[in-house]
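After the structure tokens below, expect a handful of questions from me.
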Amino acid sequence: MASLPNRTFKALSALLSYPTEGLCAAIPEVTAAISSERLISDEASKLLQPLLADLATLDLYDLQERYVDLFDKTRRHSLHLFEHIHGESRDRGQAMVDLAEHYRRGGLVVAANELPDFIPLFLEFLSARPFEEASGLLDETTHIFSLLEERLARRDEGYAAVFTAIRSIASESAVVAQVPEIDEPDDLTALDAAWEETAVAFGPGNATDGCSVDRLRIQMRAANRDARNSPA
């Protein structure tokens, strides 16, 4: 197993990104990357084939509409990690700061227009880390990926398969914690209003070199709020 599994994580990151001409043209490379490292299970690899075929052959505008309908119109399918952990809680802002700081320490600078918890960005970061570290962070987010896999399976098995693939990389001992359900209006006008009223407070982090990774992992656990004071 490669010490830096950059190709697989980069490939999965690409599959969860907004479809573009460049992405569609690169599907053979994405497929080859996933096949070469064999990090995901054979079953997960087979489940990915329909999405790979769609991205390679379907009309780009149809692909983009499909993506927007799935990920931009409902919080239940949000591709932002902390949406499913903290929701509208003020804890989300500090979690963002800590995650961005962890990225910075690992050499990844988040652009001003990107949120650190965007899953394709998170996977991009994992692609640049040693596998042991990447696997550990992946294990801490398994409960979110499991939730998205389940929800997407009801709407779009193609994109659900990406989360099946991600979860197949996680260790078998990873605990799938319970994530609270999002009480979300079906009406798009009400949904837009709810999102506009959501306040996210960004403040200075207080993580230190000795505990930043532990604090980051704890914040990704929906069920362990009482463990936020990690050991130094």
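Considering ARG66, ARG75, which residue is of a type outside the set (Gly, Ala, Ser), at pLDDT 95 or above and surrounded by 14 or more Cβ atoms within 10 Å (Cβ to Cβ)?
So the residue among ARG66, ARG75 that is of a type outside the set (Gly, Ala, Ser), at pLDDT 95 or above and surrounded by 14 or more Cβ atoms within 10 Å (Cβ to Cβ) is ARG66.
Check THR31 against each of (1) farther than 17 Å from THR164 by Cα; (2) without any contact (Cβ under 8 Å) to a residue 60 or more places away in the chain and name the one condition it does not meet.
Checking THR31 against (1) farther than 17 Å from THR164 by Cα; (2) without any contact (Cβ under 8 Å) to a residue 60 or more places away in the chain, the one that fails is (1).
Continuing with this model, one more query. Right, PRO120: within 20 Å of THR142 (Cβ to Cβ), modelled with pLDDT of 80 or more and part of a loop (DSSP other than H, G, I, E, B) or not?
Answer is no for this residue.
One line per residue, one yes/no per condition, for (1) modelled with pLDDT of 90 or more; (2) under 11 Å from the mean Cα position of the chain (by Cα); (3) among the β-branched types (Val, Ile, Thr):
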| site | (1), (2), (3) |
| --- | --- |
| ILE85 | no, no, yes |
| GLY93 | no, no, no |
| MET96 | no, no, no |
| VAL109 | no, no, yes |
| ASP139 | no, no, no |
| ALA153 | yes, no, no |
| SER173 | no, no, no |
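Output yes when any residue across segment 34-45 is in a helix (DSSP H, G or I), acidic (Asp, Glu), surrounded by 13 or more Cβ atoms within 10 Å (Cβ to Cβ) and without any contact (Cβ under 8 Å) to a residue 60 or more places away in the chain, and no when none is.
Within segment 34-45, one or more residues are in a helix (DSSP H, G or I), acidic (Asp, Glu), surrounded by 13 or more Cβ atoms within 10 Å (Cβ to Cβ) and without any contact (Cβ under 8 Å) to a residue 60 or more places away in the chain.
The values are calculated or read from the model by the stated rules, or taken from the named source; none is laboratory data. Quantities reported herein were computed from a predicted structural model and do not represent experimental measurements. So basically every Cβ, Gly included, is an ideal-geometry build from the backbone, and we count neighbours across all protein chains shown.
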